[in-house]
Amino acid sequence: MTTAAVGMRGSLPPMPERTPKALRAAIEQHTPKLLPDFDRNWREKIADTYDLAPLPAFMARWWAEFALARDPQLEAMVHHLEDEAAHATDNAHAKSLVEQAGRLRREASKAQPGQ
């Protein structure tokens with residue numbers, strides 16, 4: 001299943017090149033609500049430490065965050081599932097909801113540059 005099959009939306013902003021600079025520019029342009037957290041996380045994990053070792057994990061996290069946030073309907077669905085799971089009284093049902101949200105997040109994060 002592709003991201004297009006998951007989301008219930010029209011035209012989405014394309015995924016940027018897979019570089020921190022391009023990802024930041026895409027976040028700034030299309031999902032500015034994420035920008036303060038992106039910049040703070042960049043400073044904490046990369047800039048202030050002068051350590052590039054965490055860069056792959058940083059990019060994976062923020063690639064997935066942007067992929068989800070660029071589709072407001074998909075993002076709302078994932079958050080609804082997570083909220084419902086947090087309030088579920090049945091563990092099996094809560095687990096099912098969290099797994100469903102996780103699958104949607106993983107699927108969105110598979111988007112490639114230009115998609």
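Annotation note: of Leu52, Leu68, the sole residue that is within 13 Å of the chain's Cα centre (by Cα) and either without any contact (Cβ under 8 Å) to a residue 12 or more places away in the chain or crowded, with 16+ Cβ neighbours inside 10 Å (or both) is Leu68. Among the residues examined, Ala5 qualifies as of a type in the set (Gly, Ala, Ser), at pLDDT below 95 and within 17 Å of Glu107 (Cβ to Cβ). Looking across region 15-38, not a single residue is of a type in the set (Phe, Trp, Tyr) and closer than 15 Å to Pro72 by Cα. Does Leu81 satisfy being within 24 Å of Pro113 (Cβ to Cβ), out of contact with any Pro (no Cβ under 7 Å at 6 or more places or on another chain) and at pLDDT 95 or above? When the stated conditions are applied, Leu81 does not pass them. For region 75-97, filtered to residues that are aliphatic (A, V, I, L, M) and without any contact (Cβ under 8 Å) to a residue 12 or more places away in the chain, the residue that is surrounded by the fewest Cβ atoms within 10 Å (Cβ to Cβ) is Ala92.
The values are calculated or read from the model by the stated rules, or taken from the named source; none is laboratory data. This one's a predicted model, so the numbers in the text were calculated from it and none came from an experiment. Using ideal geometry, Cβ is built from the backbone for each residue, glycine included, and neighbour counts are taken over all protein chains shown.
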